[in-house]
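Accompanying notes for the structure given below.
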Amino acid sequence: MSRQWFIHDGTAQKGPFSESTVFEMSANGLIGERTQVWAEGMAQWIPFLESPFAQGASVPRPPPVPQSLTFRQATTMAGVPAATVKRTPVILIILFTVITAGIYYPAWFLTRRHAINALQSKEKLGAGVFIFGIVVFSLSLLLMMASGVFEGLYEALHDAEYLAISKGIEAIDKILSAVIGITLLVQCYKVRRILREHFNTHFGHNVYWSGVMIFFFQIYYLQYKVNRLEYGKASTTA
């Protein structure tokens with residue numbers, strides 16, 4: 001009896017299929033180099049083009065798909081160019097955020113949005129909320145400067161009206177900062193869900209994505225985790 005084959009396209013396991021069916025799927029462009037295959041007698045899943053074709057016996061249950069896929073392997077199997085999620089030292093992310101008075105924070109999402117959206121997840125990131133964040137942070141910078149000007153006028157002229165204006169501007173700035181801060185924190189958790197669905201659900205990684213760490217460190221924690229996945233260190237710890 002012809003050997004039966006199982007295939008894994010990076011999303012789900014399918015099969016068993018006869019050799020002729022696998023050949024037909026390949027001819028129709030439904031299977032290729034990035035698809036993993038397994039048949040009885042094989043120790044592990046291998047790329048389709050490396051698969052041997054020989055006579056086999058009955059079809060047993062195949063072993064699990066390899067759990068040690070690195071970021072590059074996972075994204076390649078998913079049809080996503082390797083290393084698309086930008087890898088940046090966390091210390092530079094912090095430095096950019098400080099230098100730009102927070103403007104880099106929403107920009108971090110924008111520069112990685114297409115790569116994140118290319119991962120295997122039902123959730124996707126929109127651009128509008130991050131563009132809004134850049135506008136708000138820029139406006140916040142202007143408000144702080146304006147507040148400083150009016151406070152300086154108060155100190156020079158001792159007119160309480162200038163101090164009141166300065167305090168009013170500060171209050172507006174705090175409200176805007178709180179709104180955008182909460183909005184971007186929500187987006188951090190959304191990115192966490194996307195990464196978790198892609199790596200944990202679709203590729204079987206046992207990666208721990210700490211909700212507490214995201215609350216306190218936000219994009220800096222996400223970048224740290226992405227960096228480790230890029231290097232193939234699919235850590236199971238925070």
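Across region 95-136, the number of residues qualifying as farther than 16 Å from residue 181 by Cβ, in a helix (DSSP H, G or I) and of a type in the set (A, V, I, L, M) comes to 6. The condition (being in a helix (DSSP H, G or I) and touching a Gly at 6+ places or on another chain (Cβ under 9 Å)) is satisfied by just one residue among 175, 180: 180.
Restricting region 87-125 to residues that are small (Gly, Ala, Ser) and surrounded by 16 or more Cβ atoms within 10 Å (Cβ to Cβ), which is farthest from residue 196 (Cα to Cα)? Step by step, filter region 87-125, then rank; the result is 102. Out of region 126-150, which residues are under 20 Å from the mean Cα position of the chain (by Cα) and surrounded by fewer than 18 Cβ atoms within 10 Å (Cβ to Cβ)? Correct list: 126, 127, 128, 129, 131.
Evaluate the following for residue 153: is it in contact with a helix residue (DSSP H, G or I) (Cβ under 9 Å, 6 or more places away or on another chain) and surrounded by 15 or more Cβ atoms within 10 Å (Cβ to Cβ)? Here the answer is yes, as residue 153 does meet what is asked.
Just so you know, all these numbers are worked out from the coordinates, no wet-lab data involved. These numbers come from a predicted model, not from an experiment. So basically every Cβ, Gly included, is an ideal-geometry build from the backbone, and we count neighbours across all protein chains shown.
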